[in-house]
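Here is the structure we will look at, set down as structure tokens.
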Amino acid sequence: MNDAPEFPKITRPLEYIALTVEEAPVDLLRPHPNQPRRFFDPKAMEQLKEDIRQNGVLTPLLVEASAEGLYIVSGERRWRAAQELGMPTVPCLFLRGDSGHTLMYSTNLQEPLSVYERYRFLWQVVHRVYRAFRNDLTLEGTANILRYIHNPHNPRLASRVPDWALERFAYLKEDAEMLLKSLGSSLKEAAGFLAAWEGLHPLTQEALEAGKTYWKGAQRISAWIKKMRRALPGHPELEEDNLRAFIEMVGQYGNDRLLETLAREQERLLAARPRTPRRKVALERVLKRWWRKSSQTRSMEQRDELHRRLRGLEEQLAEVEKFLKGIGVDPWN
């Protein structure tokens, strides 16, 4: 374990910033690919534009100059406002090296990061540090490691973690705890976010990434999609393209309006559903009761075997129902 890298210093001297402010053409600046912010609140942007219209850009943007171009590390909101106001240039401080976690900070009427943006950023920062151990580590792999080091007694989480990470458990845990604490968070908070993120429907994960919804809204929409797809399998309105359009329409609704919309859409869709025969409902209840019995198994092997048998039973019942309908026989009467 002596080959583990030294934990990087959280605080750094300011030599990595050029201390002279220079005006840079607005058209040459680009958003940084690691920018944590996904959603730019229109009302807050209007307030910022008015502030810049009256006072100018008070705080220079932090800009990373590379062979690919000039990337904004901090100040994308100011840059967007300057673009909309038609300003030809904005003041900039140029970073000489890796911008590190300065991506967290901004000034000039700073708009705080949302819940999702903040935790996504923390996840990415830990990922950069962990890649010192293994350069091919994916963002998902970092999430698995963080969840495991928070709860190492969970065998399902352990099965997702590569051997090299298990061998360096102590180093990885120490690095994550120190880094997250320095950024105002904790391993418990980060692991909780990652578990909730994994539980989201992929379409709501996609919408969060694109800034089309917010964290609490994504959780509510995800639960609604899962519930409706269970109740109405194969329904055309619940196909991916239609759901994407639906999320784009309701994703920015406030909490109360979103709940009302989801409830109304659920009622509308279920109203057109054919009534399920009573015998089929009774059988589905028995199967649900058996699925809940998995919490009473004594080992992961027993639980997995029960799940395997129940899945097989559900598939066989569906095949029998389909066969009977195919020969003109009502399976439930």
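Bear in mind that the values in this text are calculations on the coordinates, not laboratory data. It should be emphasised that the depicted structure is a prediction, and the values quoted were computed from it without experimental measurement. A quick note on method: Cβ atoms are made from the backbone with ideal geometry, for glycine too, and the neighbour counts reach across all protein chains shown.
Could you pull out the pairs from 288/325; 227/280; 49/188; 188/212; 43/181 whose alpha carbons sit more than 29 Å apart here?
Where the Cα-Cα span goes over 29 Å, the pairs concerned are 49/188; 43/181.
Please list, or write none, the aspartates and glutamates whose alpha carbon is within less than 17 Å of the alpha carbon of residue 226, excluding same-chain residues fewer than 8 places away.
198, 206, 237, 239, 240, 241, 265, 267
Antiparallel versus total DSSP beta bridges in the chain: what percent is that, nearest 5?
On the way: 10 of 17 bridges.
Antiparallel bridges: around 60 percent, rounded to the nearest 5.
At a Förster distance of 30 Å, what's the computed FRET efficiency of residue 28 paired with residue 257, Cβ-Cβ distance as r, to 0.05?
0.15
Note down, for region 202-271, the three equivalent ellipsoid semi-axes (square root of 5 times each alpha carbon gyration tensor eigenvalue), biggest first, whole angstrom.
Working through the eigenvalues yields semi-axes of 18, 14, 10 Å.
Rounded to the nearest 20 debye, what is the charge dipole size of the chain about its Cα centre when +1 sits on each Lys and Arg Cβ and -1 on each Asp and Glu Cβ?
Charge dipole, the chain, about its Cα centre: 2000 debye, nearest 20.
May I ask you to derive the relative contact order of region 181-333, considering only C-alpha pairs under 8 Å and at least 6 residues apart, and to give it as an integer percent?
Rounded, it is 16 percent for region 181-333.
Assuming R0 = 22 Å, can you tell me the calculated FRET efficiency for the pair residue 205 and residue 40, based on Cβ-Cβ distance, to the nearest 0.05?
Working from the Cβ atoms, E equals 0.65.
For the chain, calculate the relative contact order in percent as a whole number, restricting contacts to Cα pairs under 8 Å that are 6 or more residues apart.
The normalised contact order for the chain reaches 13 percent.
Determine the calculated [θ] at 222 nm for the chain from helices alone, applying -39500 (n - 2.57) to every DSSP H run no shorter than 4 residues and normalising by the residue count; nearest 500 deg cm²/dmol. Write out the running numbers ahead of the final one.
Details: 14 runs with 183 residues, N = 333.
Helices in the chain give a 222 nm mean residue ellipticity of -17500 deg cm²/dmol.
Hey, got a sec? Which GluC sites (Glu not before Pro) in region 186-275 land in a DSSP loop and have at most 11 other Cβ atoms within 10 Å?
Passing sites in region 186-275 are 239.
Kindly express, to the nearest 10 degrees and within the range 0 to 90, the angle between helix 115-130's C-alpha long axis and the longest C-alpha principal axis of the chain.
80
Find out how many positive minus negative residues lie around residue 190, taking Lys and Arg as positive, Asp and Glu as negative, among other residues whose Cβ is under 15 Å from that of residue 190.
In short, 0.
Three principal axis extents, largest first, for the C-alpha atoms of region 279-326, in Å?
The principal-axis extents, from largest down, are 41, 18, 5 Å.
May I ask you to compute the full-extension gain from residue 311 to residue 170, defined as 0.36 nm times their residue separation minus their alpha-carbon distance, rounded to one decimal in nm?
Result: 46.9 nm gained on full extension.
With unit charges on the beta carbon (Lys/Arg positive, Asp/Glu negative), name the residue among 329, 197, 235 whose Cα is farthest towards the positive pole of the charge dipole of the chain.
It is 329, whose Cα lies furthest towards the positive end.
Please identify the chymotrypsin sites (Phe, Trp or Tyr not before Pro) of region 250-333 that satisfy two criteria: DSSP loop assignment and at most 16 other Cβ atoms within 10 Å. Which are they?
Filter output for region 250-333: 332.
Could you list the square roots of 5 times each eigenvalue of the Cα gyration tensor of the chain, that is, the equivalent ellipsoid semi-axes, sorted largest first and rounded to whole Å?
47, 30, 14
Can you work out the FRET efficiency for the pair residue 239 and residue 284, with r the C-beta to C-beta distance and R0 = 25 Å, to the nearest 0.05?
Calculated transfer efficiency: 0.60.
Treat each spin label as a single point 7 Å out from the Cα along the C-beta direction, and report the residue 333 to residue 273 distance in nm.
2.1
In debye, nearest 20: dipole of region 279-326 around its Cα centre with unit charges on the Cβ of K, R (+) and D, E (-)?
So the magnitude is around 300 debye.
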